[in-house]
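Contents: one structure, followed by commentary.
The values are calculated or read from the model by the stated rules, or taken from the named source; none is laboratory data. Computed from a prediction, not measured in an experiment: that's the story for all the values here. Glycine gets a Cβ as well: all are built from the backbone with ideal geometry, and neighbour counts include every protein chain shown. Areas reflect the complete protein model, heavy atoms only, side chains present, ligands, DNA and RNA absent. Shrake-Rupley method; radii C 1.70, N 1.55, O 1.52, S 1.80 Å.
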Amino acid sequence: YLEILKQISQLQVDYQKSVVEDAIRQIDRLTKKQNNSIEAQKQNIQKQLNSSDYLTKQLQEQIKLEDSRNSLVKASSDYQIGLLELSKRTTGDAEKRAKIDLKIVETKQKSLLESQALEINSIKNNEAINRAALEREKIQLSLNKLELDRSRISAEAELRKAKLNKLDQASIKALQLQLQAINGQYRELQKSEGLINTQISNQAEISQNQ
């Protein structure tokens, strides 16, 4: 009879052990599936980051090009005006001097209009860079949130497994604190995301009112 009870007890232990092991395997499978999903999302977000960096680089190159063109326009205008003023000084013909004065005014006006157009484009490109920088921050936050998602999924899985394995309270408490810390970081990221969204909205409103 005692032997039978012992066997029954062992069967119960084995059964309980198999239940726990099966539950842990399910947790591991789910965790792996979730991590695979996160990795796929991360790759998509990384592509967005790369596109954002490429756009910013293109805008910066465009600004450099327009600054160079602006300098060239001013230098060319100054050179032409210098030649015209030299011609004016070497002639005593009043009509010819008047025509040269008119040509100088036209050259200055043309140079000013070209410079203003280039400066306006530079301002627009700088605004686009600022918008791109904010969008990049938002994308980076999404990437950071995914990293926290991965950490949170791992911590939750470890906590569930610890409870299934009936670990001591100190170990379980440590895992709970780790999970709380991750959740706290996640809330901070959400606050940062809200601030960036506000900045993006404000910048868009300013651009519309210009």
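Take each of the peptides 148-159, 17-28, 63-74, average the number of other beta-carbon atoms within 10 Å over its residues, and list them starting from the highest.
Taking the mean over residues of other Cβ atoms within 10 Å, the ranking is 148-159, 63-74, 17-28.
Report relative contact order for the chain in percent, whole number only (criteria: Cα-Cα under 8 Å, sequence separation at least 6).
It comes to 29 percent, rounded to a whole number.
List the aspartates and glutamates whose alpha-carbon lies under 19 Å from that of Lys33, not counting same-chain residues fewer than 8 positions away?
Filter leaves Glu21, Asp22, Glu147, Asp149, Glu156, Glu158.
Beyond 24 Å between alpha-carbons counts as too far, so tell me which of Lys32/Lys145; Lys17/Lys145; Lys32/Lys191; Lys42/Lys161; Lys17/Lys161 fall in that bin.
From Lys32/Lys145; Lys17/Lys145; Lys32/Lys191; Lys42/Lys161; Lys17/Lys161, over 24 Å: Lys17/Lys145; Lys32/Lys191; Lys42/Lys161.
In debye, nearest 20, what is the charge dipole magnitude of region 24-176 about its Cα centre with +1 on Lys and Arg Cβ and -1 on Asp and Glu Cβ, if you could check?
Around 900 debye, computed over region 24-176.
Treating cross-link reach as a plain straight distance, find the lysines whose alpha-carbon is under 24 Å from the alpha-carbon of Lys99, omitting any fewer than eight places away in the same chain.
By straight Cα distance, Lys99 reaches Lys74, Lys88, Lys108, Lys110.
For the chain, set up a GNM with springs between Cα atoms under 10 Å and report which of Lys57, Lys33, Lys103 has the largest fluctuation.
Among Lys57, Lys33, Lys103, the largest GNM mean-square fluctuation belongs to Lys103.
If you count only protein heavy atoms with a 1.4 Å probe, what accessible area per residue comes out for the chain, rounded to a whole Å²?
Heavy-atom accessible area per residue stands at 71 Å².
Determine the distance separating the Cα centre of region 159-202 from the Cα centre of region 16-68; give it in Å without decimals.
For region 159-202 versus region 16-68, the Cα centre distance is 19 Å.
On the accessible surface of the chain, probed at 1.4 Å, how many percent belong to carbon and sulfur atoms?
53
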